[in-house]
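Data first, discussion second: the structure below is written as structure tokens.
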Amino acid sequence: MRRKIIIRKIQEDFNCLRCQRCCRTPGFVFLTGKDMSRLSTFFRITREEFTERYCRKQDGQWALNVQPNEACIFLDTGGCSVHEAKPQQCRDFPMKWRDEECFEYCAGIRRIVIDQQKTCSVSDKR
């Protein structure tokens with residue numbers, strides 16, 4: 001039951017704290033056609049040039065390349081270098097999708113979990 005409450009709180013109250021851990025966690029950022037168009041426009045290059053420079057095929061779908069440390073190719077010291085044009089998968093995290101590990105690495109989710117634990121422990125004492 002507590003997990004359902006936390007999931008609902010994530011969907012309602014999540015605030016990204018820009019910890020960038022989701023961008024550093026190994027995995028794939030799959031791209032839609034709209035993502036590729038938006039990003040190629042952002043870089044002022046053709047969609048083909050964008051695909052050549054920044055993408056690879058993964059399980060039959062286009063995905064972003066990664067840095068040698070497996071961080072997102074668009075993550076730099078200032079954060080997401082394509083924030084205004086970021087892929088839908090990134091926009092949707094963690095409100096529309098999340099993995100089990102995100103409860104460990106995402107600072108925004110951890111804050112919700114800690115707040116929920118405090119609320120539950122206060123109401124448990126009553």
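Just so you know, all these numbers are worked out from the coordinates, no wet-lab data involved. Here the structure is a predicted model, which is why all the values come from computation and not from measurement. Glycine also receives a Cβ, built like all others from the backbone with ideal geometry; neighbour counts cover every protein chain displayed.
One table, with the values for the structure above:
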| quantity | calculated |
| --- | --- |
| The chain, dipole about Cα centre (Lys/Arg Cβ +1, Asp/Glu Cβ -1), debye to the nearest 20 | 580 |
| Helix-only [θ]222 nm of the chain, DSSP H runs n ≥ 4, -39500 (n - 2.57) each, per residue, nearest 500 | -14000 deg cm²/dmol |
| Ratio Rg/Rh [Cα only; Rh per Kirkwood] for the chain | 1.07 |
